[in-house]
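Structure, as structure tokens:
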Amino acid sequence: LPLFERLEKRIVEGELNGLDDDLDAAMAEKKPLEIVNENLLAGMKVVGELFGSGQMQLPFVLQSAEVMKTAVAHLEPHMEKTDNDGKGRLLLATVKGDVHDIGKNLVDIIVSNNGYDVVNIGIKQPINAILDAAEEHRVDAIGMSGLLVKSTVIMKDNLREMNSRGVAEKYPVLLGGAALTRTFVENDLDEVYEGDVRYAKDAFEGLRLMDRLMA
Ligand code: B1M
């Protein structure tokens, strides 16, 4: 197989052997972020389709996720970074009950490489933990990620909880993850939250939203 097809196949098949060599060869032809966006994410998309249609079992999805993470970790040091930092601080968490973190961690990489401090508190984070960390680290915005349909309900509850604690004006919220839609966030959730809530389709939109918030 040609190099870039092979990379995509590595994600689908969860094949780590020879991954680093292929990534190094790929970096001679493309920027690391293009490899992530064009090849690795294409592989994860196939994994999602196979899993969703029952053609792939969970342990194999886990292996694919491991290869994805290993690949991103290999590429990350080679990504372009801006020199200016301290543009603002973003808290990132995957919401309660949800373990998916590949997308959230990509947001972390893109946003922190572009001059922001990111406080990434991990997966399955209840709203208490999110707000405690936001307070402790004096963040400028809160980013929540979730891939399960039930996570969209949790996000709504979280926004309500933030209203009732009186912190909505203080924290603009960025939301992302495959189960969300722009309409749901911009209509339903925007109506719920007394502060500013925005939808980010991908990590780059997350960055653009931070730039707009901190301008
Ligand atoms: Co899960 N899983 N999974 N899974 N998994 C999905 C989400 C699913 C759609 C698969 C399917 O059925 N087709 C489905 C959800 C169905 C639903 O809710 N309706 C599903 C399911 C059912 C499950 C389990 C329940 C399976 C089970 O146990 N029976 C279980 C859930 C456990 C739990 O959370 N409690 C489960 C477990 C897992 C693994 C552990 C095996 C693994 C996760 C490993 C990990 O993350 N460490 C996994 C994976 C890998 C997937 C799929 C195949 C791929 C997800 C992924 O990493 N995509 C996924 C299929 C799919 O998404 N269609 C699926 C790549 C990633 C870069 O994309 O996270 O969307 P994504 O991030 C994007 C944007 O969304 C955005 O930026 C990124 C791109 O730049 N973004 C943000 C994300 N967060 C953002 C935050 C922002 C801004 C942008 O600001 C804050």
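The values are calculated or read from the model by the stated rules, or taken from the named source; none is laboratory data. All figures in this text were calculated on a predicted structure; none of them were measured in a lab. In this analysis, Cβ positions are derived from the backbone assuming ideal geometry, glycine residues included, and neighbour counts consider all displayed protein chains. Surface areas here come from the heavy atoms of the whole protein model, side chains and all, with no ligands, DNA or RNA. Shrake-Rupley method; radii C 1.70, N 1.55, O 1.52, S 1.80 Å.
Data overview
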{"item": "Nearest-10 value in Å² for the accessible area of Glu186, using the 1.4 Å probe", "result": "90 Å²"}
{"item": "Dipole moment magnitude, nearest 20 debye, the chain about Cα centre, only Lys, Arg, Asp, Glu C-beta charged", "result": "440 debye"}
{"item": "Viscosity 1.002 mPa s, 20 °C: Kirkwood-radius Stokes-Einstein D of the chain over Cα pairs, µm²/s", "result": "119 µm²/s"}
{"item": "Alpha carbon centroid spacing (whole Å) that separates the range 168-184 from the range 59-126", "result": "17 Å"}
{"item": "Given Lys31/Lys156; Lys31/Lys201; Lys124/Lys201; Lys69/Lys150; Lys9/Lys201, the pairs whose alpha carbons are separated by over 32 Å", "result": "Lys31/Lys156"}
{"item": "Helix axis angle, 149-164 relative to the chain longest principal axis, alpha carbon, degrees", "result": "30 degrees"}
{"item": "Calculated FRET efficiency for the pair Gln57/His137, C-beta based, R₀ 30 Å, to 0.05", "result": "0.15"}
{"item": "Nitroxide proxy distance, nm - points 7 Å out along Cα→Cβ at Arg165 and Arg208", "result": "3.1 nm"}
{"item": "The chain: angle of helix 58-75 to the longest principal axis, Cα-based, in degrees nearest 10", "result": "90 degrees"}
{"item": "Over the chain: helical MRE at 222 nm, DSSP H runs n ≥ 4 each giving -39500 (n - 2.57), nearest 500", "result": "-14500 deg cm²/dmol"}
{"item": "Largest-first ordering by accessible area, 1.4 Å probe, given options Thr94, Thr70", "result": "Thr70, Thr94"}
{"item": "Glu15 accessible area, 1.4 Å probe, all protein chains in place, Å² to nearest 10", "result": "80 Å²"}
{"item": "Cβ-derived FRET efficiency at R0 25 Å, Leu16 paired with Glu49, nearest 0.05", "result": "0.70"}
{"item": "Prolate/oblate/rounded label for the range 104-161 (Cα gyration tensor, a/c 1.5)", "result": "oblate"}
{"item": "Nearest 10 degrees, 0 to 90: helix 3-13 Cα axis against the chain principal axis", "result": "70 degrees"}
{"item": "Top positive-direction residue, dipole computed over the chain with Cβ charges, set Leu62, Gly122, Leu180", "result": "Leu180"}
